[in-house]
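Written out below as structure tokens is the structure these notes cover.
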Amino acid sequence: MVVLPPSRAFAGWFFGGGGGGGGGRRRRRSDDDDDDEKSSTINRRSNTNNNNNKSNNNFSERKKKTTRIFAGSGRTTISKNTRGRQYPFPADYDVMVQQARQALQKAREDGVDLGEIQFPPGGLDLAPGDLEGNVECTLTATVLRKILRGMKEEEKITVLFPDPTELKLAKRGQTGMCAPDGVAPPEVFQTDPLFEDWRGELNYLDDPNAFSVSGLDKIFGKSATVNDRVDINEGNMFVCAYPSGNIAELTQTRLLYENIREENESKKSKESDAPASKTKTKKKSLVVVNGELDRTRSNYYPWFWNKNEMEPLREFSQSFEGIYFIHNFKGTNPAVLFRCYPDDWRVFRRRPNDAVECVWSSSTRPKSLKEIALDVLPKFP
């Protein structure tokens, strides 16, 4: 996208969210990437009894019969022990977009009010951080627009971008527009106005500046929140696009959800007091797209790092329903964790000729990606 202003770059460093090369939004290597390499090393060892014993204890209650699904060369074979409908791992982004849209719509119909969509934007076999941060943001916005294009009641969906710069890029694109520092971006980073024709509301989560980054806004009680900018009565679903640049973006996401939850509880109370009606108002919902929430769930940040903010954020990140989720584990024997709501969570091993084999499944969400990398993958080479 564009080179960020000094305040934005400093905000990314200050809040520990990482900053990509050249002052970009992100990325830096996460602990999960290191775990991926560890798991591939463990797989090459023959002495894994200790790890197997530990994983047996952790997963004995959740593990089902191993379901083997082979997808490749245009065919998918599913064994008889697969229960219910099981979405195959997507062969390309067209299939992924369709699956994600169906999962999102189903979650909405089921009353899920807090959901997560996570996918690799640069390739279905890549991991977060494989591409330059600004490129990942652009690709995420591109795929998100395709997912939302076929959603019902588009005018009732509010899309929130991390900051005003990202919002401007989504509405106007980057052609002929200079970066905030006055320097025109290189041609390779020019983007289309992906949400120019969006019929719903567009807004942003956080507006970092020297006053807010330094913490003075909190000291003097003058901090503005996303709830000052967004009227939740104007929409039914609120989609937060890649709020992973710093802790402040996720904090604003949490504040927005608390407002939505209070509104849902208020409506539920009114409906219970009113006479029985055949039609009930659907819950308002919030969905985070590519928020890299596992960093917050898995103690990626040190315990002393913004402790007062991290504790409620960690609890918040553990409350999400996985609506659509793809995370790749690299190494000599690569794998991928996949979930398409309301299906089970499944681990696929990547096999030759672009085939994938389902080796593990669970109706319960794994506690973290580290749990999959160190406890599940060594058992199912």
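Name the residues in the range 142-152 that are in a helix (DSSP H, G or I) and either over 30 Å from residue 261 (Cα atoms) or over 12 Å from the mean Cα position of the chain (by Cα) (or both), would you? Walk me through it before giving the result.
As a first pass, look at the range 142-152 and keep what is in a helix (DSSP H, G or I): 142-149.
The answer is 142, 143, 145, 146, 147, 148, 149.
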- Of all residues in the range 358-381, count the ones that are among the charged types (D, E, K, R) and surrounded by 20 or more Cβ atoms within 10 Å (Cβ to Cβ). 2
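Would you pick out the residues in the range 108-138 that are among the hydrophobic types (A, V, I, L, M, F, W, C) and either within 15 Å of residue 240 (Cα to Cα) or assigned to a strand (DSSP E or B) (or both)?
Just the residues of the range 108-138 that are among the hydrophobic types (A, V, I, L, M, F, W, C), to begin with: 112, 114, 117, 119, 124, 126-127, 131, 135, 137.
Scanning the range 108-138 gives 114, 117, 119, 137.
When you check residue 341 against the structure, is it in contact with a helix residue (DSSP H, G or I) (Cβ under 8 Å, 6 or more places away or on another chain) and at pLDDT 95 or above, yes or no?
Numbers: in contact with a helix residue (DSSP H, G or I) (Cβ under 8 Å, 6 or more places away or on another chain): yes; at pLDDT 95 or above: yes.
The answer is yes for residue 341.
Table: residues versus (1) touching a residue at least 40 places away in the same chain (Cβ under 8 Å); (2) among the small types (Gly, Ala, Ser); (3) assigned to a strand (DSSP E or B).
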site	(1), (2), (3)
314	no, no, no
322	yes, yes, yes
327	yes, no, yes
357	yes, no, yes
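Inspect all residues belonging to the range 161-174 and state whether any of them is part of a strand (DSSP E or B) and at pLDDT 90 or above.
Just the residues of the range 161-174 that are part of a strand (DSSP E or B), to begin with: 161.
Adding the requirement that they be at pLDDT 90 or above leaves 161.
Within the range 161-174, one or more residues are part of a strand (DSSP E or B) and at pLDDT 90 or above.
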- Item | Filtered residue count, the range 347-365, keeping only those that are under 22 Å from residue 130 (Cβ atoms) and within 20 Å of the chain's Cα centre (by Cα) | 2
- Task: Could you figure out which of (1) crowded, with 21+ Cβ neighbours inside 10 Å; (2) closer than 17 Å to residue 88 by Cβ isn't true of residue 345?
- Result: (1)
- Query: So how many residues does the range 237-275 have that are outside any helix (DSSP H, G or I) and either in contact with a Phe, Trp or Tyr (Cβ under 7 Å, 6 or more places away or on another chain) or surrounded by 15 or more Cβ atoms within 10 Å (Cβ to Cβ) (or both)?
  - Reply: 10
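Return the only residue of 353, 308 being modelled with pLDDT under 95 and either outside any loop (DSSP other than H, G, I, E, B) or closer than 24 Å to residue 243 by Cα (or both).
On the way: 353 fails: either outside any loop (DSSP other than H, G, I, E, B) or closer than 24 Å to residue 243 by Cα (or both).
Only one candidate passes the filter, namely 308.
The values are calculated or read from the model by the stated rules, or taken from the named source; none is laboratory data. Worth saying up front: this structure is predicted, and the values here are computed from it rather than measured. When we count neighbours, we look across all protein chains shown, and the Cβ atoms used for this are built from the backbone with ideal geometry, even at glycine.
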